[in-house]
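Everything below concerns the one structure shown next.
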Amino acid sequence: MWKRWNPIQVSRSHSRIYKQAKRCPLLAKFSQTNAMSIPDVQIYPHATGAAAETVKQHQSPQELVFWSGWFCPFVQRAWIALEEKGIPYQYKEVNPYKKEKHFLDINPKGLVPAVEYNGKALYESLVLLEFLEEAYPSHSPNLLPPDPYDRAVARIWLDHITKNYLSAYHRLMQFQEKERQDEAREALYEAQRKLVKQVKGPYFFGDEFSIVDVAVVPWVQRDWVLSENRAYDRSAVGEAWVKYAKALTERPSVQKTQSLRENYLPIYGRYLTNEAQSEAAKAIREGRAIP
């Protein structure tokens with residue numbers, strides 16, 4: 001459940017943010033926005049920048065409805081795939097604090113990303129990536145390689161991204177103690193080094209952009225949060241990672257689904273103070289795997 005806005009909690013949270021702002025550039029900007037002084041429901045408005053232009057192009061009714069949250073990296077996975085493959089879709093923004101009745105009727109868990117396909121809903125980002133491949137086989141490029149062995153390899157590394165990469169990334173972002181941050185940073189570096197050793201170059205399988213690249217790039221695109229606030233450095237992973245990250249983040253489909261940095265500040269400010277209420281944030285606080 002998403003927590004209701006509590007003025008007392010807001011005041012305390014804002015005080016903690018000011019104390020941490022001296023050593024945390026993003027939190028300094030975050031505190032200046034007064035984001036903690038407004039209800040949660042107002043923090044997530046709508047896509048901005050290039051992503052807003054992409055949204056405008058996908059407002060007409062289509063066979064496939066894409067239920068989205070512009071700020072969410074898991075959502076961006078499916079969004080990138082839709083743009084890569086040129087699949088016609090209708091974009092619908094989901095306010096996580098005020099979800100439409102129709103959305104909850106077809107998707108009782110209320111999770112995004114989700115798609116409505118012929119009146120039926122599906123969710124979970126990696127499930128959706130494979131669904132889009134199977135439901136729209138004539139739309140290129142194919143994000144899953146044609147060879148069964150390569151498909152199995154892709155799924156092995158998708159598992160690595162989920163269990164090792166994302167877990168370390170979120171621990172580094174949320175942990176407040178320096179020692180725990182240092183441990184999480186090293187775990188993230190190690191997860192990235194293992195992944196990049198498999199990259200055949202510029203993308204995971206070589207010249208073809210694939211499901212593995214789609215699965216990891218939203219967090220690569222957002223690593224500025226860690227660089228500015230958690231002493232993360234791409235170059236510490238190695239030159240190969242720097243090149244791979246550059247290739248991923250320069251992909252047009254990635255840039256078209258990215259909002260302006262300033263609009264992420266209220267969201268990631270809450271992760272950096274370990275107060276975010278997403279399912280991923282809750283899992284990290286409770287020592288569970290990210291669902």
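If you count, for each residue, the other Cβ atoms within 10 Å and average over each peptide, how do 120-131, 79-90 line up from highest to lowest? Could the numbers behind the result be given before it?
Values: 120-131: 17.4, 79-90: 20.7.
Highest to lowest by the protection proxy: 79-90, 120-131.
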*asked:* Output wanted: per-residue J couplings in Hz (rounded whole) for region 126-133, from phi through Karplus 6.51 cos²θ - 1.76 cosθ + 1.60, θ = phi - 60°, x for Gly and Pro.
replied: 5, 4, 5, 4, 6, 4, 4, 5
*Whole-Hz couplings from phi, Karplus 6.51/-1.76/1.60, listed for region 228-242; x for Gly and Pro*: 7, 10, 9, 6, 7, 9, 3, 5, 5, 6, x, 4, 4, 5, 4
*Starting from the exponent 0.38 and prefactor 2.2 Å, build the expected Rg for region 142-216 from its residue count and divide its actual Cα Rg by it.*
1.24
_How large are Rg and Dmax for region 133-185 when calculated on the C-alpha trace, in angstrom?_
16.9, 50
*Report ³J(HN,Hα) in whole Hz for each residue of region 114-120, in order, from the Karplus equation J = 6.51 cos²θ - 1.76 cosθ + 1.60 where θ = phi - 60°; Gly and Pro get x.*
8, 10, 10, 10, 6, x, 10
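A short reminder: the numbers here are calculations on the coordinates, not readings from a lab. Bear in mind the structure is a predicted one, so any value in this text is a computation, not a measurement. Every residue, glycine as well, gets a Cβ built from its backbone with ideal geometry; the counts of neighbours run over all protein chains shown.
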